[in-house]
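Would you mind keeping the following structure in view while I ask a few things?
The values are calculated or read from the model by the stated rules, or taken from the named source; none is laboratory data. What you are looking at is a predicted structure, and each value in this text was computed from that prediction instead of being measured. So basically every Cβ, Gly included, is an ideal-geometry build from the backbone, and we count neighbours across all protein chains shown.
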């Protein structure tokens, strides 16, 4: 019999806990689920469950994130869709996964029913979730802008996501209410509304960037937008706590090739929440817009802080906002605080060639 390494044993136990927790949450809902039952189902002790997850809510978020990330990838959407067609396809994909009246008591429908109530129950989760919704709107808006250039479409994306999240809540609270696919037409029509959506030439608060000169040797990471591993290269790397998660737009609007790194002081609970928010969006975006048509942007959840440390950020919090610019494999500029993402994109050393 092959002896597993400590890391392999931990990974196996984590997988067993996730599988057992999924069954328990689906059968009983979050509030009625029992950690002791989860441990028994996983053939582990209660202590072993808590050694992998700091609490029941953290475990619940991890179960949902794992399911969203492992969902089957859809067929490639049609090439070169119009913005309205893409937004309609996004809305259609979202609505297609809502429970119908006939299956609203099915286990999968019950599994996610307690998500928003649990987020709402605590400021510790509400504030990061608000930023994560801004990230989702930004990702959808940037993708739509590639199809209809010349106009910022983040407000349109916000309106669409507000409509679709409302549909999700009604599907849970009042199954069978209304005609869900009318929302597809409504979401596509949002593109024709005159929503004021200006972007300032510079952020209202801009911290100065300073020159830097140190090697850039980051660890491999997983891009949440594709699910694929990669090693961040040249461009702007933004290290953002979950209270400032959407600030990477400043670097994107400055024309930089951006890797946005999300960090948190509570990786056990808030990192899976971040993964879940992005994976839910990605699942619908994959059915609407092919990756080549999306912005040059990578998004990482850096739960262990390794990528942040490579950028010189050794202590992280949910208020962290640091950005570095990497050129020719070296960090050449750094900025910290509000406006750091814009400052690193346009500040000292910008455009330095690989020779000097």
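Could you tell me whether any residue of segment 265-281 is over 22 Å from residue 59 (Cβ atoms) and either modelled with pLDDT of 95 or more or buried (at least 18 other Cβ atoms within 10 Å of the Cβ) (or both)?
Yes, because at least one residue in segment 265-281 is over 22 Å from residue 59 (Cβ atoms) and either modelled with pLDDT of 95 or more or buried (at least 18 other Cβ atoms within 10 Å of the Cβ) (or both).
Tell me which of these residue 226 doesn't satisfy, since it passes every other one: (1) buried (at least 20 other Cβ atoms within 10 Å of the Cβ); (2) farther than 14 Å from residue 325 by Cβ; (3) modelled with pLDDT under 95.
(1) is the only condition that residue 226 fails.
So, one more: Kindly check whether there is at least one residue in segment 54-74 that is over 29 Å from residue 170 (Cβ atoms), within 25 Å of the chain's Cα centre (by Cα) and outside the structural domain of residue 162 (by TED's automatic domain parsing).
yes
Only one residue in 229, 215 is in contact with a strand residue (DSSP E or B) (Cβ under 7 Å, 6 or more places away or on another chain), in contact (Cβ under 8 Å) with a residue 40 or more places away in the chain, in the same structural domain as residue 335 (by TED's automatic domain parsing) and on the phi < 0 side of the Ramachandran plot. Which one?
Answer to the selection: 215.
Residues checked against (1) without any contact (Cβ under 8 Å) to a residue 40 or more places away in the chain; (2) out of contact with any strand residue (DSSP E or B) (no Cβ under 8 Å at 6 or more places or on another chain); (3) outside any loop (DSSP other than H, G, I, E, B); (4) closer than 29 Å to residue 76 by Cβ:
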position: 249; (1), (2), (3), (4): no, yes, yes, yes
position: 279; (1), (2), (3), (4): no, yes, yes, yes
position: 299; (1), (2), (3), (4): no, no, yes, yes
position: 309; (1), (2), (3), (4): yes, yes, yes, no
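Related question: Could you say whether any residue in segment 146-158 is in contact with a strand residue (DSSP E or B) (Cβ under 8 Å, 6 or more places away or on another chain), under 17 Å from residue 298 (Cα atoms) and part of a helix (DSSP H, G or I)?
Looking through segment 146-158, none of the residues is in contact with a strand residue (DSSP E or B) (Cβ under 8 Å, 6 or more places away or on another chain), under 17 Å from residue 298 (Cα atoms) and part of a helix (DSSP H, G or I).
Separate question: Looking at 212, 122, which is the one that is at pLDDT below 95 and under 21 Å from residue 244 (Cβ atoms)?
122 is the lone residue from the list that is at pLDDT below 95 and under 21 Å from residue 244 (Cβ atoms).
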